[in-house]
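The block underneath contains the structure these notes are about, expressed in structure tokens.
The values are calculated or read from the model by the stated rules, or taken from the named source; none is laboratory data. The model shown is predicted, which means the values in this text are computed figures rather than measured ones. Cβ placement follows ideal geometry from the backbone for every residue including glycine, while neighbour counts extend to all protein chains displayed. Only protein heavy atoms, including side chains, enter the accessible area calculation; ligands, DNA and RNA are left aside. Shrake-Rupley method; radii C 1.70, N 1.55, O 1.52, S 1.80 Å.
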Amino acid sequence: MATKTAEGAETAGTGSGTDARKDDETTTAAGPGAVAETEETGKTEPVDAAGEEDGEGEDGEDGAQTGDAEDTGEGKVPSGVGQGAGAVVSAALGLVSLTGGWIGTIASAREQLIGQLRTSTSASVGTQLKEVYGDAWHTTALWAGLFALAALITAVVVLVRPAFGAPGRPQAAWIRSVAWAGLSLGVIGLLLAVLKYSDALLAVPSAG
């Protein structure tokens with residue numbers, strides 16, 4: 001009996017030592033990328049110690065990339081500032097074409113002075129009227145027509161600009177209104193300039 005008891009104790013001791021070594025090897029093998037058996041399902045799943053950190057890093061990078069894409073997309077969308085400025089400029093040029101502007105006034109005075117220098121005192125009244133006042137009047141009409149034409153072109157460019165811009169982005173109502181006002185003033189100014197230059201409107205009086 002004593003012999004059997006000793007053999008059983010030795011056998012038990014040997015089994016415990018083997019199990020302990022197996023447990024140690026399993027514990028040592030467990031780590032990043034190792035395979036562990038779950039208690040609930042009994043399936044093996046990869047163990048990743050830095051899984052949460054990697055997920056957060058990936059989410060953070062994806063969020064940053066998404067934000068950059070949105071910022072880039074918003075930067076490409078036109079703000080309409082240039083179109084609004086162009087509409088205001090067209091309206092201002094249209095008003096200048098109707099009033100003549102200081103450039104037209106200076107050009108008219110210069111042409112009148114040249115006419116006085118070129119015309120002698122012995123010239124006829126008709127010649128003096130033409131050289132002194134007629135040319136100056138035509139110069140004023142010419143500059144008014146140039147301003148009207150500039151207003152007309154600027155207004156047309158502003159009105160057709162949305163057709164070549166971002167699709168689905170309508171133009172602001174106030175931009176269209178001001179641009180149409182500049183277009184109307186440009187047409188009126190150009191018409192008046194042509195009539196004045198051709199002496200069909202407010203012609204220089206004749207001497208006869």
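Considering the stretch 76-104, the residues that are modelled with pLDDT under 90 and hydroxyl-bearing (Ser, Thr, Tyr) include one that is least open to solvent (accessible area, probe 1.4 Å), namely SER79.
Quickly run through the stretch 100-115 and pick out the residues that are on the phi > 0 side of the Ramachandran plot and assigned to a helix (DSSP H, G or I). Matches in the stretch 100-115: GLY101 only. Scanning the stretch 105-146 for residues that are of a type in the set (Gly, Ala, Ser) and surrounded by fewer than 18 Cβ atoms within 10 Å (Cβ to Cβ) yields a count of 7. Could you say whether any residue in the stretch 158-165 is at pLDDT 90 or above, surrounded by fewer than 18 Cβ atoms within 10 Å (Cβ to Cβ) and within 30 Å of VAL88 (Cα to Cα)? Scanning the stretch 158-165 turns up at least one residue that is at pLDDT 90 or above, surrounded by fewer than 18 Cβ atoms within 10 Å (Cβ to Cβ) and within 30 Å of VAL88 (Cα to Cα). When every residue of the stretch 187-203 is checked against the conditions, none turns out to be part of a loop (DSSP other than H, G, I, E, B) and within 30 Å of VAL81 (Cβ to Cβ). Could you tell me whether any residue of the stretch 170-184 is open to solvent by 70 Å² or more (accessible area, probe 1.4 Å), touching a Pro at 6+ places or on another chain (Cβ under 9 Å) and assigned to a loop (DSSP other than H, G, I, E, B)? Yes, the stretch 170-184 has at least one match.
In the stretch 114-166, which residues are touching a residue at least 40 places away in the same chain (Cβ under 8 Å), polar (S, T, N, Q) and within 26 Å of ILE103 (Cβ to Cβ)? THR140, THR154 - these are the residues of the stretch 114-166 that are touching a residue at least 40 places away in the same chain (Cβ under 8 Å), polar (S, T, N, Q) and within 26 Å of ILE103 (Cβ to Cβ).
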